[in-house]
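See below for the structure under consideration.
The values are calculated or read from the model by the stated rules, or taken from the named source; none is laboratory data. Predicted, not measured: the structure shown is a model, and the values here were computed from it. Cβ placement follows ideal geometry from the backbone for every residue including glycine, while neighbour counts extend to all protein chains displayed. In case anyone asks, the SASA skips ligands and DNA or RNA and just uses the protein heavy atoms, side chains included. Shrake-Rupley method; radii C 1.70, N 1.55, O 1.52, S 1.80 Å.
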Amino acid sequence: MDLTSAEIKNSPDEPSRAAEPGEFDYFDLIEDANDIIYTIDLYGRLTFLNKAAERITGYSRQEALGAQIGDWLDPESRRLSDEMLQQKLGGCPRTTYEVTLRAKDGRRIFLEVSTRLLFRQGIPAGIQGIARDITGRKRAETLERDRNRVLELVASAEPLEGVLRELCLMVERQLSGVRCSIFVLRDDRLLPAAGLDRSCGLHENPPPAVAVDLRRVPIQSQAGVLLGELLLERSGSAAEPEHERTVLEAALRLAVVAIEQRQLTESLAYRATHDPLTGLPNRSLFERNLEQALAEARRHGRALAVLFIDLDRFKQINDSLGHLAGDQVLVQAARRLHACLRRSDLLARMGGDEFTAVITDLSDTRDAARVAEKLLAAFQEPFLWEDQELFVTASIGVSLYPRDGRDAAALQRNADVAMYRAKSRGRNAFEFFAPELAAAAQHRLQIENSLRKALDTGEFRLYYHPQVDRSGRLAAYEALLVWDHPTLGLTPPSQFIPVAEESGMIVPLGAWAIQEACRQCALWQRQGLPRAAVAVNISAVQFARHDFVETVAQALSASGLDPTLLELELTENVVLRHLEESARQMQRLRALGVSIAIDDFGTGYSSLSYLRHLPLDVLKMDQSFLQGGGGRPIAMPLVEAIIALAHGLGLQVVAEGVETREHFEALRAAGCDRFQGYLWGEPLTAEAATRLLADGPPTPTS
C-alpha cells in the first residue's frame, strides 16, 4: 500500500497535531523546500517527491511515482542505498550518506541523503528521505584533486606529453562523454602542444587536426617569443555550460603552467650546459659529447682529433679596451670557429679565451691539419669593436685518437700541451702533440707544484754578479734569483720564472727577492764594507700591481737600506705595455729614492725616443751587441751611438755580457759607465760577494 503525503505528515514517530492559526501548512513547506524530499516503500518504489526533486532530477512526478529509486542510482550508490534500508529496518538511527544519481538528461548528480523510517499503525511502512544537491561541491573537490595530481606531475618533472595526457583525462573525468585534446595554433596550423620544443618552438610537420576553439591562451618562450595560442579541442556530448567552461579553463591554465615549467626546466638545463656569452657548449657538455664521440670512434674504428684553441694576447684587449670589447671579440671568434666546422664536429668554450673542438671521421692527420689551418685563417680578418679594427690571432694544439690518447682526459691534456708549444714558437700557429712534449709538460708541472712550497722551505737563494766601473772598481751587484731544488739542484731563473709568472707565484717570490737583496746590501753597509748598489730584476706581473711601490718601501724600511743603493731593472716590453701608467709607477718609485734601469735594451723596441718620457737612471745594453767581430764587436758603431745618446739624456750605461778585455777596452773608450760579464767571474753566493767587497776590486779572468 502506498504512503500519501497525509500519512507522511501523521507518521507515528512524529505525532499529528492540529495547525495553529497563522502556521504554514506542512505540505507547503515540503513542496517549497530547496532540497529533494521523497518517500519510498519497503520495496524501494517512489511513493512521493516534491517539486525540488522534479527540478533537480528532471523527472516529472508522473514518471517518478512507482519507479524503483535504485534504477536512477549508480551501482555503488544502489548498493549503499539498499544497505541503509536494511540498517533502518534493523533499528539504526537516522543516518546521512552520499549517493550519485543520474538525471534524466544523463547528468551525474551528487546527493547528500538523510533518511528515517515511516510507520503505519506502529509497523514500518517505508522511508522518508531528504536529499541535498552537493554536485557543485563534489565537482569542486574532484577538480581540486585532479588539479593537484597534475601539479604533482609537473613538480616531479614528468615529461610534458604525460602531463598534457593527464590533463585530457581530467577533462574527460569531469565531463562525462567528452573527449579532449590540447593543441597550439601557430601560423594558422594546429600543432600538438606536447610537441613544444625549446629550440624551435614546435616540431615540424604535425598531423592534421580539427579543433573547436573553446579557449585561447597565448604561449611565450622563456625569451618572450610568442610561440602560438593554446587551444583545447573537445568532442562528445555537452554537459552543463557553466561547469564545462570551469573545467576547460582550469585545464588550460594547468597546461600553461606545465608548458612554462617545461620551458623553465629546459632553460635551466641549457644554462647549466652552455656558455651564456657565446651559446656554445661549456666544459661539462663538451666532455660528455667527447665521451660519446670517442665511443662512436671505438665502435667503428675511426680516428678523431681534439683541438685546443687559445686566443693570443687576448688579455691586452680586456686591459686596454675593457671587458665589453673582450666579450664582443669572443662572440665573433665563436661564430668564426663554428662556421669553419661541420655539423658533425663539436665546438665548445672552455672558459676565458679558450675553445675546444672535436673533429670526427678523420682519414689521416692531414685532415686535422687542414682544419687547424682553416681555423687560423678565420682570424686573419680584423674583429670590429665600436668602429675599431682589432687584430687577434690564435694558437692551436692538436691531439689525435687513438695515437695520442684513448680517453677524453688524455686527449684534452695533450692538445693543451701542444697549444703551449705553438705559443712558445711565436703564436698564430698550430702544433701536433708529440711524446717529448709530455715530458716537458710533466717537468713544467713538477716545477709549478714545487714552487708553491719552495718559498716556505727556504729553497731560494740570491747570487750576486759583479758590475765594475771604468776604473775597474766594484760598483754594484746584480742580484740573480736561483732555486736550490731538492731533486733538480741549482735551477736558473729561465726554468722557473715563466712558470712563476703564469701561476702567480712571482708576486711573493719577487717580494722575497727585493727584501733579501735589501737585507744583504744593508748588512754590507753595517759591516763597514765599500758602498755597492744592488740591482734586482722586476717582472711584468710585479710591476703592474698597485701595491708594488708599497712592497719596495716596506723592504727598504725593514732593512734600513739607503734607497740610493737599490736599483730596479725593468725590460722595455714591461715599461712600454702601458706607457703612461708605467711612467706614473716609476715616478712613485723614484720618490722613494731608488734608481730605475731599463734592462736588455736592444731586444725590444730598441728606440731611444721613449726614454725621454720616462724617469730613468740607467740603460743596460743587451749582450747581443757584443757578439761577433773578435776584439771589436761588429755593432760597435751602434753601441757608441747608444752610449752618446743615453748620456745626452742623463742616463748611465751598463754593458752586459762583457767576456774579453778587448770588449772592455772598446766599451770603456766609447764612454760606457759600468760593465758586467764573465770577464770578472760567475755570479757569487752572498758569502763570496761579501769577501769580494772586503778584498777589493775583482780581477779580470782573461
With each label point set 7 Å from Cα along the Cα-Cβ vector, what nm distance links E389 and W512? 4.8
About the Cα centre of the chain, what is the dipole size in debye to 20, counting +1 per Lys and Arg Cβ and -1 per Asp and Glu Cβ, all else neutral? 780
Per residue Cα convex hull volume for the range 514-565, in cubic angstrom? 65
With all protein chains present and a 1.4 Å probe, the order of V417, V150 from largest accessible area down is V417, V150
With bins of 5 Å, the percent of all Cα-Cα pairs of the range 641-702 per bin from 0 is 4, 17, 23, 20, 16, 12, 7, 2
What accessible area, in Å² to the nearest ten, does a 1.4 Å probe give for W72? 30
Can you list residues whose amide H is under 5 Å from T571's amide H, if they're 5+ apart or on another chain and H is modeled 1.01 Å from N? D599
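Can I get the semi-axes of the chain's equivalent ellipsoid? Compute them from the C-alpha gyration tensor as square roots of 5 times the eigenvalues, in angstrom, largest first.
Those come to 99, 30, 22 Å.
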What share of Cα pairs, in percent, lie more than 20 angstrom apart in the range 395-514? 56
Which three numbers, in whole Å and largest first, are the semi-axes of the equivalent ellipsoid of the range 312-351 derived from its Cα gyration tensor as √(5λ)? 24, 9, 8
Viscosity 1.306 mPa s, 10 °C: Kirkwood-radius Stokes-Einstein D of the range 339-463 over Cα pairs, µm²/s: 95
Based on the alpha-carbon set only, what is the convex hull volume of the range 580-702 divided per residue, in Å³? 129
So, in nm, how far is label H647 from label F27 when the simple model puts each one 7 Å beyond its Cα toward the Cβ? 14.3
Could you sort T365, T39 by their accessible area in this structure, using a 1.4 Å probe and putting the largest first? T365, T39
Where the accessible area of the range 378-490 is counted over protein heavy atoms with a 1.4 Å probe, how much of it, in %, is carbon and sulfur? 50
So what's the back-of-envelope 222 nm ellipticity for the chain, counting only DSSP H runs of four-plus at -39500 (n - 2.57) apiece and dividing by all residues, rounded to 500? -13500 deg cm²/dmol
Ignoring ligands and nucleic acids, M84 exposes an accessible area, probe 1.4 Å, in Å² to the nearest 10, of 20
For the range 675-688, Karplus-derived ³J(HN,Hα) couplings (6.51, -1.76, 1.60; θ = phi - 60°; whole Hz; x for glycine and proline) come out as 9, 9, x, 6, 4, 10, x, 7, x, 10, 5, 4, 5, 5
How far, in degrees from 0 to 90, does helix 636-648 lean away from the longest principal axis of the Cα atoms of the chain, to the nearest 10? 80
For the pair R288 and L151, what calculated FRET efficiency results from E = 1/(1 + (r/R0)^6), where r is the Cβ-Cβ distance and R0 = 22 Å, to the nearest 0.05? 0.10
How big is the Cα convex hull of the range 94-164 in projection, averaged over all directions, in nm²? 7.4
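Looking at the chain, what % of its DSSP beta bridges pair antiparallel, to the nearest 5? If you can, show how the numbers build up before the last one.
Details: 88 of 113 bridges.
Rounded to the nearest five, the antiparallel share is 80 percent.
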Per residue of the range 375-384, what does 6.51 cos²θ - 1.76 cosθ + 1.60 with θ = phi - 60° give for ³J(HN,Hα)? Whole Hz please, x for Gly and Pro, Karplus curve as stated. 5, 5, 5, 5, 9, 6, 6, x, 8, 10
May I ask for log10 I(q)/I(0) of the range 447-522 at q = 0.20, 0.22, 0.27 Å⁻¹, from a Debye sum over the Cα atoms as equal point scatterers with solvent left out? -0.86, -0.99, -1.33
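Can you give the convex hull volume per residue for the Cα atoms of the range 474-566, as a whole number of Å³?
Roughly 112 Å³ of hull volume per residue.
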Expressed in whole Å with the largest first, what are the equivalent ellipsoid semi-axes of the range 282-409 derived from the C-alpha gyration tensor as the square root of 5 times each eigenvalue? 29, 14, 11
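Taking all protein chains in place and a 1.4 Å probe, what share, in percent, of the accessible surface of the range 332-377 do carbon and sulfur account for?
48
Sorted by accessible area (1.4 Å probe), largest first, how do D312, D617, D562 line up?
Ranking D312, D617, D562 by accessible area, largest first, yields D562, D617, D312.
Using the Kirkwood radius over C-alpha pairs as Rh, can you work out the diffusion coefficient of the range 28-154 via Stokes-Einstein at 10 °C, viscosity 1.306 mPa s, in µm² per second?
102
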Please work out how much accessible surface S424 shows to a 1.4 Å probe, ignoring ligands, DNA and RNA, in Å² rounded to 10. 90
Longest principal axis of the chain (C-alpha) makes with the long axis of helix 548-559 (C-alpha) an angle, in degrees to the nearest 10, of 60
Pseudo-spin-label distance R55 to A688, built 7 Å along Cα→Cβ, given in nm, is 11.8
Restricting the range 314-343 to trypsin sites (Lys or Arg not before Pro) in coil, as DSSP defines it, with at most 14 other Cβ within 10 Å: R342, R343
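Skip the ligands, DNA and RNA, and give the accessible area per residue of the chain with a 1.4 Å probe, whole Å².
50
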Efficiency by 1/(1 + (r/R0)^6): what FRET value for E659 and K315, r their Cβ-Cβ distance, R0 = 41 Å, to the nearest 0.05? 0.60
Three principal axis extents, largest first, for the C-alpha atoms of the range 503-624, in Å? 42, 31, 26
With θ set to phi - 60° and the Karplus curve 6.51 cos²θ - 1.76 cosθ + 1.60, what are the ³J(HN,Hα) couplings of the range 562-568 in order, to the nearest whole Hz, using x for Gly and Pro? 5, x, 5, 8, 10, 10, 9
